[in-house]
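All of the numbers you see were taken from the coordinates with simple rules; none came from a lab. Quantities reported herein were computed from a predicted structural model and do not represent experimental measurements. Note: ideal-geometry Cβ built from the backbone for every residue, glycine included; neighbour counts use all protein chains shown.
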Ligand code: HEC
Ligand code: HEC
């Protein structure tokens, strides 16, 4: 009996040592990922200044949910305060923030690559969704960002807890947590042109993947607030298989599904996404219908 206990004790001790060692190694890897310096070539991009482009940039910033995170007036806010990960504020993008000192190329690099001018990865900025954004869209969004009035709001840089660094080291944070580490920065990008096609819908659907997952099969959203419902299955394996084009468009204008469910725009940002044009929504629906049917939550 005593021998058995001693053996169990040794096994337990071994396990604890193993966990501590794995944790320490993951922590070091996590720190490395956070401190990695990226060299991104300057983006040659010219920013329009006319009112029509600025208004279109505002619509795009809504559709690509920039305003959900950075707020309506772009002054930034507390995005997440989770002891497992850390405290994440979104940046103040108005001339009252740091962006006033950045070149347009710096801003484009932050949007598409998730890298700030010091070469460090931005934390919690979902550039993996924006990597393929075409020049026309990026330049109009920047035109809008440059046009807003200055707001004096100091948003601290995100701070990551020890367990957050371990999660990053183990690769367990969703990609938007540290997008620069997940983007193949040298990949040749095919930037699609706007038309009513599944191909263009695929480009627009990048905004959905953060919540509905890369396979669009839905399920619980990783690291979401406890009151957040599971995301719906958008593949033909879910309710959408029975929706018509007009059901889909109506949903993005009202938040009401053909099944009669009213969806809260704080859970599913249909009000922002509903600023897509009817052609964009049609393209998006064409793409979702072209996906292989998946069971909910199956990737
Ligand atoms: C999921 C929330 C989220 C969304 C959506 C989002 N951002 Fe961000 N963004 C952040 C966070 C968080 C930071 C701060 C990152 C840091 O300081 O490391 C940030 C930083 C930035 C920065 C760098 C600014 C600075 O001072 O460091 C720019 C530029 C930016 N975002 C632009 C955009 C634009 C444009 C869009 C839409 C196309 C967008 N963001 C969408 C969360 C978001
Ligand atoms: C911030 C997270 C988030 C984003 C981004 C998001 N969704 Fe959702 N979506 C949800 C959640 C959560 C639900 C389920 C809400 C509920 O059940 O109350 C949902 C529900 C839906 C529904 C209702 C489906 C049904 O069967 O009832 C549709 C349609 C939908 N989303 C489409 C999209 C599309 C298309 C995009 C991208 C253009 C998108 N969503 C982006 C979180 C999100």
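Given labels modelled 7 Å from the Cα in the Cβ direction, how far is it in nm from residue 225 to residue 159?
About 2.2 nm, to one decimal.
Could you state the number of Å between the C-alpha centres of the stretch 119-191 and the stretch 199-237?
The stretch 199-237 and the stretch 119-191 have Cα centres separated by 19 Å.
How tilted is helix 245-254 with respect to the longest principal axis of the chain? Cα atoms for both, answer in degrees (0 to 90, nearest 10).
80
Evaluate the distance, in nm, between pseudo-label points positioned 7 Å from the Cα of residue 118 and of residue 279 along their respective Cα→Cβ axes.
4.3
Take peptides 97-105, 74-82 and line them up by average Cβ neighbours within 10 Å, highest first, as a rough protection proxy. Could you put the intermediate results ahead of the total?
Values: 97-105: 15.2, 74-82: 17.0.
Taking the mean over residues of other Cβ atoms within 10 Å, the ranking is 74-82, 97-105.
Each label point is 7 Å from the Cα along the Cα-to-Cβ direction; what then is the distance between the points at residue 50 and residue 170, in nm?
Each label point is offset 7 Å from its Cα along the Cβ direction, giving 5.4 nm.
Work out the FRET efficiency for residue 78 and residue 2 from their Cβ-Cβ distance, taking R0 = 45 Å, and round it to the nearest 0.05.
Details: r = 55 Å, r/R0 = 1.22.
Here the calculated transfer efficiency is 0.25.
Between helix 2-35 and the chain, what is the angle of the helix's C-alpha long axis to the longest principal axis, kept within 0 to 90° and rounded to the nearest 10?
Approximately 30 degrees, to the nearest ten.
Length gain on complete extension for the stretch residue 28 to residue 100, per 0.36 nm per residue less the alpha carbon to alpha carbon distance? Write out the running numbers ahead of the final one.
Values: separation 72, 0.36 × 72 = 25.92 nm, distance 3.39 nm.
Computed gain between residue 28 and residue 100 is 22.5 nm.
For the chain, what does the alpha-carbon gyration tensor say about shape, rounded, prolate or oblate, given a ≥ b ≥ c as the root eigenvalues, a/c under 1.5 as rounded, and a/b over b/c as prolate? Mind showing how you got there, number by number?
On the way: a/c = 2.07, a/b = 1.31, b/c = 1.58.
Judged from the Cα gyration tensor, the chain comes out oblate (a/c at least 1.5, b/c at or above a/b).
On a 0 to 90° scale, report how tilted helix 104-113 is relative to the longest principal axis of the chain, with both axes built from alpha carbons and the result rounded to the nearest 10.
That works out to roughly 50 degrees.
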